[in-house]
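The values are calculated or read from the model by the stated rules, or taken from the named source; none is laboratory data. Just so you know, these numbers come straight off a predicted model, no measurement behind them. Counting neighbours? That spans all protein chains shown, and the Cβs are built from the backbone with ideal geometry, glycine included. For accessibility, only protein heavy atoms count, side chains too; no ligands or nucleic acids. Shrake-Rupley method; radii C 1.70, N 1.55, O 1.52, S 1.80 Å.
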Amino acid sequence: MFALADCNNFFVSCERAFQPVLEGRPVVVLSNNDGCVVARSNEAKAMGIKMGIPFFRIKELVDAGKVDVRSSNYTLYGDLSRRVMNILRSTIPDIEVYSIDEAFLNLEGIPSEEQVPLCRELSVRIKKWTGIPVSIGIAPSKTLGKVANHFAKHYPGYKGVCIIDSPEKREKALSLTPIDDVWGIGWRGAPKLEGLGVHSALDLVRKPESWVLKHMHITGVRTWKELQGIPCIEDENRERRQSICTSRSFADPISDKEELTLRISDFAGICAKKLRQEGSAAGSVGIFMETSRFRKDLPQYYPMARTRLETAVNNTPEIVKAAIGLLDVLWKEGYGFKRAGVLVDEIVEADAVQGSLFDSVPDGERKKEDKVSALMDRFNTNGKTLLRVATQRPGHYADGIRREFCSPLFSTDWKQLLEVS
């Protein structure tokens with residue numbers, strides 16, 4: 001059996017954990033640069049505020065005091081996520097962290113009669129120790145666990161934990177699950193299926209496998225089997241990412257090359273750190289820049305370029321150097337860039353990198369840069385660049401992003417701890 005532990009309205013719950021005044025109030029959290037709504041409390045949902053709605057469209061509600069708003073505080077959210085995952089891991093070691101607020105738990109070996117009490121105890125403990133409410137769905141497959149989690153989250157009678165452990169429960173749950181709520185189908189795949197008469201998860205399960213293969217291909221067959229409780233989805237963490245991208249939109253257009261160099265260096269550094277965290281190395285580096293597509297009155301320029309590395313690497317100095325080299329090639333005066341990013345791909349296992357006879361970087365120098373990068377990882381926590389290459393900015397990776405409504409870093413900065421008076 002699998003259990004899906006999902007933090008309820010996670011970004012909002014993180015804000016409420018340190019600001020009890022927000023409890024019971026409509027609360028929304030905004031995306032980078034305070035652009036649009038990316039999280040909503042149940043009260044905000046009840047008001048009809050939609051996910052992704054631009055902030056300016058609800059600003060009147062905020063100004064009138066009817067809705068509370070917070071800018072994204074990813075350092076805080078990341079810290080609370082780690083705390084939640086560590087609590088889960090302390091009880092059930094075999095977990096797969098699926099996203100910042102979700103994790104699959106492998107309950108193999110735990111007696112069936114103990115699974116619900118154990119998960120309910122976990123939910124209570126996480127709420128008590130972190131302030132984050134968690135719902136848990138238990139089922140024989142991950143997709144069915146997602147279905148069970150939905151009921152755990154929206155029906156108080158389950159007390160935070162719902163289990164689908166019989167054909168009767170499964171059929172009832174699937175009949176109440178719209179096809180666009182099924183993991184792997186969603187709102188993108190639903191219109192086609194609805195046009196074919198499939199409106200619920202149960203409608204899909206009742207179709208023969210040949211029909212599913214014809215209209216949904218092999219990925220659809222996996223979903224079809226998963227909804228029947230047959231596990232078909234492998235651990236996502238076992239699949240190495242083929243590319244890693246770090247990009248940002250800027251609060252104000254950047255027309256200064258030196259400033260954009262700092263930003264590109266930051267993004268390249270983040271990509272390099274992610275590679276090291278995953279035990280990977282990249283064989284190529286690319287960058288892109290974009291002017292604002294909405295400012296037709298300004299000159300437009302959307303350049304992008306990519307370079308192959310002589311040897312796949314994951315150290316920060318080499319990847320930053322490659323990215324800056326591309327910026328030198330693409331840069332043109334007279335443009336204000338609203339967005340930029342760095343992409344690394346041709347990813348391989350770091351332990352299986354094959355050297356090149358024509359590598360211009362001496363082996364000893366690369367080992368030195370690898371050691372420097374490892375030191376950077378030890379000291380650069382919570383998004384800060386205490387150790388950095390010369391072209392990176394000091395301070396925090398989020399500097400320069402509009403965050404007008406950002407709450408303090410309650411749990412990661414001594415100067416911003418919660419004050420009680």
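Within the set of pairs 6+ apart or on separate chains, which have a first residue in the range 85-109 that is more than 13 Å from residue 4 (Cβ to Cβ), a second that is open to solvent by 80 Å² or more (accessible area, probe 1.4 Å) and not in a strand (DSSP E or B), and C-beta atoms under 7 Å apart?
Taking only residues 6 or more apart or on different chains, the pairs are 87/129.
Looking only at the range 319-344, filter to residues that are open to solvent by 60 Å² or more (accessible area, probe 1.4 Å) and in a helix (DSSP H, G or I); which one of those is nearest to residue 242 (Cα to Cα)?
Taking the candidates together, the pick is 321.
Report those strands (runs of 3 or more DSSP E) wholly inside the range 1-46 carrying at least 3 residues which are within 25 Å of residue 86 (Cβ to Cβ).
2-7
Can you pull out every residue in the range 293-313 that is among the small types (Gly, Ala, Ser) and surrounded by fewer than 16 Cβ atoms within 10 Å (Cβ to Cβ)? Spell out the reasoning first.
Looking only at the range 293-313, we keep the residues that are among the small types (Gly, Ala, Ser), and these are 305, 312.
The answer is 305, and nothing else.
When you check residue 67 against the structure, is it open to solvent by less than 20 Å² (accessible area, probe 1.4 Å) and among the β-branched types (Val, Ile, Thr), yes or no? Break it down into steps so the answer makes sense when it comes.
Working: open to solvent by less than 20 Å² (accessible area, probe 1.4 Å): yes; among the β-branched types (Val, Ile, Thr): yes.
Taking the combined requirement at face value, the residue satisfies it.
Say whether the condition of being touching an Asp or Glu at 6+ places or on another chain (Cβ under 8 Å) and free of Cβ contacts under 8 Å to residues at least 60 places away in the same chain is met by at least one residue in the range 263-276.
Taking every residue of the range 263-276 in turn, none turns out to be touching an Asp or Glu at 6+ places or on another chain (Cβ under 8 Å) and free of Cβ contacts under 8 Å to residues at least 60 places away in the same chain.
For the range 135-150, state whether one or more residues are over 29 Å from residue 207 (Cβ atoms), within 25 Å of the chain's Cα centre (by Cα) and either part of a helix (DSSP H, G or I) or modelled with pLDDT under 95 (or both). Can you show your working first?
Residues of the range 135-150 that are over 29 Å from residue 207 (Cβ atoms), as a first pass: 135-136.
From what is left, the residues that are within 25 Å of the chain's Cα centre (by Cα) are 135-136.
With either part of a helix (DSSP H, G or I) or modelled with pLDDT under 95 (or both) added as a condition, the list becomes none.
Scanning the range 135-150, I find no residue that is over 29 Å from residue 207 (Cβ atoms), within 25 Å of the chain's Cα centre (by Cα) and either part of a helix (DSSP H, G or I) or modelled with pLDDT under 95 (or both), so the answer is no.
If I filter the range 278-288 for residues that are at pLDDT below 95 and either open to solvent by 50 Å² or more (accessible area, probe 1.4 Å) or part of a loop (DSSP other than H, G, I, E, B) (or both), do I get at least one hit?
Yes.
Tell me the residue from 249, 265, 284, 243 that is over 25 Å from residue 32 (Cβ atoms) and under 26 Å from the mean Cα position of the chain (by Cα), please. Write out each step before concluding.
On the way: 249 fails: over 25 Å from residue 32 (Cβ atoms); 265 fails: over 25 Å from residue 32 (Cβ atoms); 243 fails: over 25 Å from residue 32 (Cβ atoms).
Exactly one residue qualifies, and that residue is 284.
Quick one: which of 84, 69, 12, 27 is in contact with a helix residue (DSSP H, G or I) (Cβ under 8 Å, 6 or more places away or on another chain) and either of a type in the set (Asp, Glu) or farther than 18 Å from residue 408 by Cβ (or both)? Spell out the reasoning first.
On the way: 69 fails: either of a type in the set (Asp, Glu) or farther than 18 Å from residue 408 by Cβ (or both); 12 fails: either of a type in the set (Asp, Glu) or farther than 18 Å from residue 408 by Cβ (or both); 27 fails: either of a type in the set (Asp, Glu) or farther than 18 Å from residue 408 by Cβ (or both).
Result of the check over 84, 69, 12, 27: 84.
Output the residue which, of all residues in the range 372-418 that are in a loop (DSSP other than H, G, I, E, B), at pLDDT 80 or above and farther than 15 Å from residue 74 by Cα, is most open to solvent (accessible area, probe 1.4 Å).
Here the answer is 418.
For the structure I just gave you, tell me whether residue 38 is crowded, with 17+ Cβ neighbours inside 10 Å, more than 30 Å from residue 107 (Cβ to Cβ) and of a type in the set (Val, Ile, Thr).
No, not satisfied.
Against the definition (touching a strand residue (DSSP E or B) at 6+ places or on another chain (Cβ under 8 Å), among the hydroxyl-bearing types (Ser, Thr, Tyr) and without any contact (Cβ under 8 Å) to a residue 60 or more places away in the chain), how does residue 166 come out, yes or no? Reasoning before the result, please.
Values: touching a strand residue (DSSP E or B) at 6+ places or on another chain (Cβ under 8 Å): no; among the hydroxyl-bearing types (Ser, Thr, Tyr): yes; without any contact (Cβ under 8 Å) to a residue 60 or more places away in the chain: yes.
So residue 166 does not fit the description; no.
For the range 86-109, which positions are polar (S, T, N, Q) and either modelled with pLDDT under 90 or over 15 Å from residue 145 (Cα atoms) (or both)? Reasoning before the result, please.
First pass over the range 86-109, keeping only residues polar (S, T, N, Q): 86, 90-91, 99, 106.
Of everything in the range 86-109, those that are polar (S, T, N, Q) and either modelled with pLDDT under 90 or over 15 Å from residue 145 (Cα atoms) (or both) turn out to be 86, 90, 91, 99.
Please verify whether the range 306-319 includes one or more residues that are closer than 26 Å to residue 31 by Cβ and either out of contact with any strand residue (DSSP E or B) (no Cβ under 8 Å at 6 or more places or on another chain) or of a type in the set (A, V, I, L, M, F, W, C) (or both). Reasoning before the result, please.
Within the range 306-319, the subset closer than 26 Å to residue 31 by Cβ is none.
No - not one qualifying residue is present in the range 306-319.
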